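The values are calculated or read from the model by the stated rules, or taken from the named source; none is laboratory data. Nothing here was measured: the structure is a model prediction, and the numbers come from that model. Quick reminder, even Gly has a Cβ in these numbers, built from the backbone with ideal geometry, and neighbours come from all protein chains shown.
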């Protein structure tokens, strides 16, 4: 198809995520290879966001494609109560790779389903009902996962699931850039312990966190926060569930983002990068004491496609590619390079408020004046962001713009030259936003 026919038919006969269909302007994509997306008429875009922070090994890797083909020739589907070689091999591989005692896994078809089943596991294991979550979070679009979500996508779906207790993030929205990490952690954990006391520790099953928050701002936990949080929750018998759907699988320069925090969660949820999005798969990782509980007690979770052989084969191959080709190390190596590009843009453009990255998980935050007021208020909009989005698209760059931020989350196989290519396009685009800065 030509681009316009593709767009028109998609808009006429399908709905797009988080959108009013009449207002969407989708990019027409015919194929993808490595770091680049291609349109029907030869358009080319550098994928600077790994799609949804998920195509971690890049597009179209031949080893993963071959593994999928091989599995199709051997066994396509059996119901999840059966044992398969690929399930045995992937489960063993995950147990070898996961830090600590995360040795047992339940398979789903995506991150939201993984979080739904982690909710069930926490409640069944503890016999408690409440789940604590943070406001600046996103955990998925299914009923329970959306209730866990703190950001405005939750609002139209309320009232949602009962028993969710929301708390503030360690770094406030209106952060003044003054306090040390030690001060931030101490104050947040003191506040959190008060919430636990007020809610009744005996009623709280677990707390979900995005280890590094993704679409709500690439929020890197302050030093000491993860270890302190785990200790506080353990004091009251509350499980820590780390949502690594977006930040896991090499994105932060370590295989799992929680490895930066010198602790191991009780449950961990994964998706996206585990197959590099070549096929849908979600995973719940269980620590030994929780897995042991379900050896004698029923885990009341089940999905027709749990442990789908072809999806598991994609995961096994994608994991091997990521590790064998040094992509986790590449993300760690390029962390200071990305930081340097961001520093340069901060020095050059008056619209840049701040920036941050851990590994190849990054974001540039924009401002409307020299006083540091955000260009876009919480859940708001600004015409400059539409202009910037169009410029990036017209100049060969795909990435996500969230409120007043520019995401920088390329595939982990990116080179220094390709990283510079992406930031050069962003550099030119930010000049448009500079024109909107008030003083």
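Looking only at segment 213-220, decide whether some residue is buried (at least 22 other Cβ atoms within 10 Å of the Cβ) and within 23 Å of residue 286 (Cα to Cα). Among the residues of segment 213-220, at least one is buried (at least 22 other Cβ atoms within 10 Å of the Cβ) and within 23 Å of residue 286 (Cα to Cα), which makes the answer yes. Entry remark, segment 119-169: residues being farther than 14 Å from residue 213 by Cα and part of a loop (DSSP other than H, G, I, E, B) number 11 in total. Hey, among 372, 422, 362, which residue is closer than 23 Å to residue 51 by Cβ, not in a helix (DSSP H, G or I) and not assigned by TED's automatic domain parsing to the domain that holds residue 221? Exactly one residue qualifies, and that residue is 362. Summed over segment 35-72, the residues that are surrounded by 13 or more Cβ atoms within 10 Å (Cβ to Cβ) and under 14 Å from residue 397 (Cα atoms) give a count of 13. Residues satisfying the criterion are present in segment 405-419 (criterion: without any contact (Cβ under 8 Å) to a residue 12 or more places away in the chain, within 29 Å of residue 321 (Cα to Cα) and not assigned by TED's automatic domain parsing to the domain that holds residue 275). Against the test of being touching a residue at least 40 places away in the same chain (Cβ under 8 Å) and either farther than 26 Å from residue 379 by Cα or within 25 Å of the chain's Cα centre (by Cα) (or both), the options 224, 248 yield a single qualifying residue, 224. Is it the case that segment 248-262 has a residue that's under 24 Å from residue 123 (Cβ atoms), in a helix (DSSP H, G or I), in contact with a strand residue (DSSP E or B) (Cβ under 9 Å, 6 or more places away or on another chain) and at pLDDT 95 or above? Looking through segment 248-262, at least one residue is under 24 Å from residue 123 (Cβ atoms), in a helix (DSSP H, G or I), in contact with a strand residue (DSSP E or B) (Cβ under 9 Å, 6 or more places away or on another chain) and at pLDDT 95 or above.
Filtering 37, 72 for residues that are within 24 Å of the chain's Cα centre (by Cα) and either modelled with pLDDT of 95 or more or not in a loop (DSSP other than H, G, I, E, B) (or both) leaves a single hit, 37. Taking the criterion of being part of a helix (DSSP H, G or I), buried (at least 23 other Cβ atoms within 10 Å of the Cβ) and in the same structural domain as residue 237 (by TED's automatic domain parsing), would at least one residue in segment 302-311 satisfy it? Yes - at least one qualifying residue is present in segment 302-311.
Of the set (1) in contact with a helix residue (DSSP H, G or I) (Cβ under 8 Å, 6 or more places away or on another chain); (2) surrounded by fewer than 22 Cβ atoms within 10 Å (Cβ to Cβ); (3) under 26 Å from residue 136 (Cβ atoms), all apply to residue 372 but (1).
Just one of the listed residues (240, 232) is assigned to a helix (DSSP H, G or I), under 26 Å from residue 187 (Cα atoms) and in contact (Cβ under 8 Å) with a residue 24 or more places away in the chain, and it is 232.
None of 396, 340, 362 is modelled with pLDDT of 95 or more and on the phi > 0 side of the Ramachandran plot except 396.
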